[in-house]
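The values are calculated or read from the model by the stated rules, or taken from the named source; none is laboratory data. These numbers come from a predicted model, not from an experiment. Cβ placement follows ideal geometry from the backbone for every residue including glycine, while neighbour counts extend to all protein chains displayed. The protein model used for the area step is the full one, side chains on, heavy atoms only, and it has no ligands, DNA or RNA in it. Shrake-Rupley method; radii C 1.70, N 1.55, O 1.52, S 1.80 Å.
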Amino acid sequence: MVRVHVVVRSADPLTLAGLVGQLGAQPRIQVSTGGQTAATEVVVVGADRLTQELVGELRAAAAEFGAPVVLVADGVTEGELLAAVECRVVAVVPRASATGGRLAHAVLTAAEGGGVLGPELVGGLLKHLDRIQRDLLAPRGLTASGLTTREIHVLRLMADGHDTAEIGVQLCYSERMIKNVIHGLTRRLNLRNRSHAVAYALRAGVI
């Protein structure tokens, strides 16, 4: 059985011991309280609440381990969640419901590239993203992917196998304009070539 390597951190010895005990009893999880190792896949951080001091600790842990973080804390608000997400937090488990099973689910989901958030946190996060799209991105002609509507149209046609001239005809732009659009988005997003640009758009879910 492949086991997920987890590092547990907490400033409170009782919280640390509780998390280590809960996770250590899970057959698919291997727990450590030490420093960074090449095998570290998920970091679990326990605290009473998400304070500014803890955000600093989360940021340091993200830099140290480069791994997704599962946060075990109570009363995380929408604004605090946004700060936590910037520190690679992908799952939040309230302390009162941090059973071995729920912790294991959060850790295994994080290791697979997913996330675990309560409905109230997901709703708040989606509202915040909607405000960003409406107030910041849309007035500049951008989407959440960092691409403009015109760039998305060009990339969709590129993905369908059309060349520059054909794209220009379909979108009623000159061939030079299409080349400028492609050059602009590849340079702005640090993409290597057209294939890389199409792959970026596919991963972003816009084509």
> From the backbone phi of segment 101-107, what are the Karplus-calculated ³J(HN,Hα) couplings (6.51 cos²θ - 1.76 cosθ + 1.60, θ = phi - 60°) in whole Hz, Gly and Pro given as x?
Replying inline: x, 5, 4, 4, 4, 5, 5
> Karplus couplings for segment 198-203 from phi (6.51 cos²θ - 1.76 cosθ + 1.60, θ = phi - 60°), rounded to Hz, Gly and Pro as x?
Replying inline: 5, 5, 4, 5, 5, 5
> Each residue of segment 2-8 in turn: what ³J(HN,Hα) in whole Hz from Karplus with 6.51, -1.76, 1.60 and θ = phi - 60°, glycine and Pro shown as x?
Replying inline: 6, 10, 7, 8, 10, 10, 10
> Where Lys and Arg each count +1 and Asp and Glu each count -1, what net charge lies around His5 among other residues with Cβ under 12 Å from its Cβ?
Replying inline: +1
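Which peptide among 170-176, 100-106, 25-31 comes first, and what is the full order, when sorted by highest mean count of other Cβ atoms within 10 Å? All intermediate terms of the calculation are to be shown ahead of the outcome.
On the way: 170-176: 13.1, 100-106: 18.3, 25-31: 15.4.
Listed from highest to lowest mean packing, they are 100-106, 25-31, 170-176.
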> Taking amide H positions as placed 1.01 Å from N in the peptide plane, with prolines and chain starts having none, which residues 5 or more places from Val89, or on another chain, fall under 5 Å of its amide H?
Replying inline: Val69
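Would you mind working out the accessible area per residue for segment 1-113, using a 1.4 Å probe, and quoting it in Å²?
Heavy-atom accessible area per residue stands at 48 Å².
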> At a 1.4 Å probe radius, carbon and sulfur cover how many percent of the accessible area of segment 1-75?
Replying inline: 55 percent
>> To check my understanding: the extent here is largest minus smallest coordinate of the Cα atoms along each principal axis. What are those three numbers for segment 15-78, in Å, largest first?
In response: 33, 24, 18
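Which net charge results when you count Lys and Arg as +1 and Asp and Glu as -1 among the other residues whose beta-carbon is under 15 Å from that of Asn190?
Working: positive: Arg187, Arg188, Arg192, Arg194, Arg203; negative: Glu151.
With Lys, Arg at +1 and Asp, Glu at -1, the net is +4.
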